[in-house]
Ligand code: HEC
Ligand code: HEC
């Protein structure tokens, strides 16, 4: 018993400094985090001072690397580290110390932070409760989409939409036919692929019944679909009279016209709050291993 206690004590000693390190990120905290006006000012400053090297939206340019990306783990540095790089530059490279007041540097950092995170990190302003009403009411989103355990099955579950997408890509999904823009970490693709993972299908059975829904799977012998009745249907292909698969999903992309500007804004305020923040990015080299006591 005594041995066990002192062993636990040793373990605590070894782990405590590590815990402290995790809890408090190095350097000062970003004073503008979550402030929408600072993001907008930061974007303007970024476009004036950084786009020429790092490209629009941090996607990378001829001289500077991408500073916002999904596929590079070391890009997820803290705001304090980004601040230091902008203030002090990287010696021996074109990244010279940027001559900006500290407050302006923080605003640029805040803008970069929004580009790096998903919607949940920087939810859009608006009346969230009203947005929820629009989702289930006028927008009819729930006839196709599942949200927090309620709704339809013929479209992707949106319960974690703000944890996986940027605010911009959510609003594009509602307004543009070609909109699948961002990977989870935020690299900007040049081309926008058509949404084609939930294809509408119309099946006519041997007895002339027509069933509509989305295609799950098909091969030469069988076809599986989710009907608009939210039921799974399995068919033997040989027994079907007709199968029509549409090349494009039924997601309406004119919600900026179907809804009033206020309804649209509030819907986005609601959507950009649905989800969990992504786990913090892995650090270069991974976390240090605790020492054996
Ligand atoms: C003259 C071109 C130029 C300008 C202007 C410039 N940068 Fe850079 N920046 C670079 C280059 C080149 C690097 C890569 C340095 C290196 O090799 O480590 C870099 C690196 C960085 C990094 C670190 C990237 C990483 O992955 O390690 C950040 C963050 C950054 N710049 C932000 C900014 C911001 C914000 C601005 C505007 C305030 C800016 N830079 C202006 C060229 C530039
Ligand atoms: C008629 C059915 C239907 C309705 C109504 C509908 N959607 Fe969709 N939605 C879809 C389908 C199907 C997809 C998937 C498209 C694909 O990937 O092929 C989709 C995709 C999306 C996406 C992108 C999901 C992702 O993972 O990137 C978002 C966001 C979205 N819908 C939000 C909404 C909202 C908000 C509403 C209501 C204002 C709505 N949808 C109404 C069918 C619908």
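Using only the Cα atoms, work out Rg/Rh for the range 28-116, with Rh taken as the Kirkwood radius, to two decimals. If you can, show how the numbers build up before the last one.
On the way: Rg = 11.9 Å, Rh = 12.9 Å.
Radius of gyration over Kirkwood radius for the range 28-116 works out to 0.92.
Using 0.36 nm times the number of residues separating residue 176 and residue 212, minus their current alpha carbon distance, what extension gain do you get? Present the calculation step by step, with values, prior to reporting the outcome.
Numbers: separation 36, 0.36 × 36 = 12.96 nm, distance 2.41 nm.
Gain in length upon complete extension: 10.6 nm.
Provide the packing ranking of 155-168, 83-96, i.e. peptides ordered by the mean count of other C-beta atoms within 10 Å per residue, highest first.
The most tightly packed comes first, giving 155-168, 83-96.
Starting from a Cα-only point model with no solvent, please compute log10 I(q)/I(0) by Debye for the range 102-141 at q = 0.17, 0.22 1/Å.
Log10 I(q)/I(0), no solvent term: -0.61, -0.75.
Would you kindly compute the Cα radius of gyration of the range 200-245 and its largest Cα-Cα separation (Dmax), both in Å?
Rg then Dmax for the range 200-245, in Å: 9.2, 25.
Can you put 268, 45, 216 in order, fewest other beta carbons within 10 Å first? Could you put the intermediate results ahead of the total?
Values: 268 24, 45 18, 216 15.
Going from least to most buried by this count: 216, 45, 268.
No value in this document is a laboratory result; all are computed from the given coordinates. Only a predicted model underlies this, so the values are computations on that prediction, with no experimental measurement involved. Methodologically, a virtual Cβ is constructed for each residue, glycine included, from the backbone with ideal geometry; neighbour enumeration extends over all protein chains shown.
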